[in-house]
Amino acid sequence: MSGDTSATLEAISAAFRDEAGAVCASLTRQLGDLDLAEDLVQDAIVIALQRWPRDGVPDRPGAWLLQTARHRGIDRLRREARYRDKLQALSAVNVEQVSREPDERLRLIFTCCHPAIAREAQIALTLRAVMGMTTAEIARAFLVSETTMGQRIVRAKRKIVEAHIPYRMPAREELPERVGEVLAMLYLVYNEGFLSSGPDRATSRDLSADAIWLCELVNALLPDQQEVLALLALMKLHEARRASRFDSRGSVVLLQDQDRAVWDHAAIADANALLERARRLGAPGPYWLQAAIAACHADAATYAETDWAQILALYNALTRVMPSPVVRLNRAIALRHVAGAASALEEVEALSVDLDRYHLLHATRAELLREFGRIDEAREADRRAFELTNNPAEREVLLRRIRDGGATRDGSADAAAPRLAREPP
Amino acid sequence: MGQKYVLMFVRDDEAFLADPAHDHRYESINQWFMDLGQQGKIVETGSELQPAHNATTVRWSGGNPLVTDGPFMESKETVAGFTTIEVSDLDEAIAIAKRWPAKDHAIEIRPVVDFEMDGH
């Protein structure tokens, strides 16, 4: 044991994150059974959560977890005769070797993110098996009950066993699709952390930091993949500007009003370097283009100096590789700065059927209508947006606009009217 | 030993039969079956089904049999055929399904119950 002091929860979480995935991957390989291995490691984590705060994090937390998982497994299997051969394999597990060479966590990640597993279960499985988060912790982060989250995990693991989802690296030709699954999972985890952060939400865990950590791990294990580098850059760019999103009273600060001096300019430079490396690896994919757009915002010294022509060009490319209505909506905002509010409004109106249930369609439409002095229609659109979002920060901005009208009495646009931040995420 | 999966071919019958070229498409579909058969992956050839408007469903309502016209679930897309393959794992089954030539179908892949496994 390291010293006589108690360990903080933060140090313990960090130890899990560093070790749990490797322990789980090693045990899965040695047992040939992801379901069992993953359960045993989770048991070991729960035991560690009882002991480490008191005894401190052991000197070799990985070996400790593997040893504990092994003991748990032997106890359990002794009660179940049908696992006789696995009991033998467990007895032979070498606890000195939490294998890192070659790192087996990638296989674990790809299996947890298999396309045959529902996205929400991919997230839960990955956070548990690779990051060493407990079911309770994951349930809290995603605002569902521990029972619900537990069932989600059990169902996914049962499918892995019963539908014979293999525990292996994807073949070369499958790699783009399978990497895409992992990245989509990671970006959802990142956004969950990003959007739920704020003054009102006391989360014990920063999921955004976890997503970046995991993306860095994927990048280390699977180097020179354009979209992996690009997603990493994208998340780092959001992260670099995170501190300026709320003011001291806890209200949302919109992009044009943010204090750019507090942005993390070193992180922005890192992200730009990642993007430059990624650019040479092939035709730009969706994450690369989104990151390049975020970089344009991050690189502008003031809001007025934003290079909207460049942003519009990037959105044009993005609508080709990812022709979704939400992308077109974001493109319309760039269009407003380049070609004017009339073109942007026309584009937004064209999306109003597809995105009728999406609050930012209505909020954006409201802003554009206001520029033409169409105040009543604008207020109606803001009301619709308000009904469609549960995000407290966004509701606050919308409510202010509905009350104040967001315009001066003569109907011209009021530059001080609050606007919603609407670049991704 | 491999794992058996039933592949269920799902399509919008009306749209499929209305396509004047649909006869020609059986050439590539037959080729798909021949290739799989030569690789020894097909364990039961299965059948192509008549359109769902010829389906009849029997279910029980309060213990009494109830016979109704049509498939078990009213839907534009219905099961139009099935075949059983035996492959090493789900990834191989997915790869085979991806080679299916008729891109207006959906293919549902269902693992078959293995009676030698525990729990059945």
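Using the count of nearby Cβ atoms within 10 Å as a rough guide to exposure, how do B:98, A:159, A:236 rank from fewest to most? Show your work: numbers first, answer last.
Numbers: B:98 10, A:159 18, A:236 24.
If I rank by nearby Cβ atoms, fewest first, I get B:98, A:159, A:236.
Could you state the angle between the C-alpha long axis of helix A:359-371 and the longest principal axis of the C-alpha atoms of chain A, as a value from 0 to 90 degrees rounded to the nearest 10?
For helix A:359-371, the angle is close to 20 degrees.
How do A:296, A:24, A:215 rank when sorted from fewest to most other Cβ atoms within 10 Å of their own Cβ?
A:296, A:215, A:24
Give the value in nm², to one decimal: projected area of the alpha carbon convex hull of the range A:270-331, averaged over all directions.
On the way: hull surface 17.2 nm².
Averaged projected area of the range A:270-331's Cα convex hull equals 4.3 nm².
For Cα pairs less than 8 Å apart in space and 6+ apart in sequence, what is the mean separation divided by the residue count of the range A:296-367, i.e. the relative contact order in percent?
Numbers: 55 pairs, mean separation 15.7, N = 72.
Relative contact order of the range A:296-367: 22 percent.
What is the distance in Å between the Cα centres of the range A:261-336 and the range A:110-130?
29
Once you have a ≥ b ≥ c as the square roots of the Cα gyration tensor eigenvalues for the range A:15-79, tell me rounded if a/c is under 1.5, and otherwise prolate or oblate according to whether a/b is larger than b/c. Present the calculation step by step, with values, prior to reporting the outcome.
Working: a/c = 2.28, a/b = 1.44, b/c = 1.58.
Oblate.
Among B:113, B:47, B:70, whose Cα sits farthest toward the positive end of the charge dipole of the range B:18-113 (+1 at Cβ of Lys/Arg, -1 at Cβ of Asp/Glu, about the Cα centre)?
B:70
For peptide A:157-168, how many partner chain Cβ atoms fall within 10 Å of a residue's Cβ, on average? List each step's numbers first, then the result.
Values: counts 0, 0, 2, 1, 1, 7, 8, 13, 5, 6, 1, 2.
Mean partner shielding for this stretch: 4.
Would you please give the FRET efficiency between residue A:116 and residue A:305, computed as 1/(1 + (r/R0)^6) with r the Cβ-Cβ distance and R0 = 60 Å, to the nearest 0.05? Write out the running numbers ahead of the final one.
Details: r = 47 Å, r/R0 = 0.79.
E between residue A:116 and residue A:305, to the nearest 0.05, is 0.80.
For chain A, find the longest principal axis of its Cα atoms and tell me its angle to the long axis of helix A:146-162, 0 to 90°, nearest 10.
60
Counting other beta carbons within 10 Å of each Cβ, put B:22, A:71, A:238 in order, fewest first. Walk me through the numbers before you get to the answer.
Working: B:22 13, A:71 16, A:238 22.
If I rank by nearby Cβ atoms, fewest first, I get B:22, A:71, A:238.
When only Cα pairs under 8 Å and 6 or more residues apart are kept, what is the percent relative contact order across chain B?
This gives 48 percent for chain B.
Relative contact order (percent) for chain A, with alpha-carbon contacts under 8 angstrom and 6 or more residues of separation? Don't jump to the answer; show the numbers that get you there.
On the way: 553 pairs, mean separation 40.2, N = 425.
Here the relative contact order equals 9 percent.
Give me P(r) over the protein assembly as shown, computed from all C-alpha to C-alpha distances, binned every 10 Å, as integer percentages.
3, 14, 21, 22, 20, 14, 5, 1, 0
Coordinate-derived values only; no laboratory data. Because the structure is predicted, anything quoted here is derived from the model rather than measured. Positions of Cβ are generated from backbone atoms using ideal geometry, with glycine treated the same way; all protein chains shown enter the neighbour counts.
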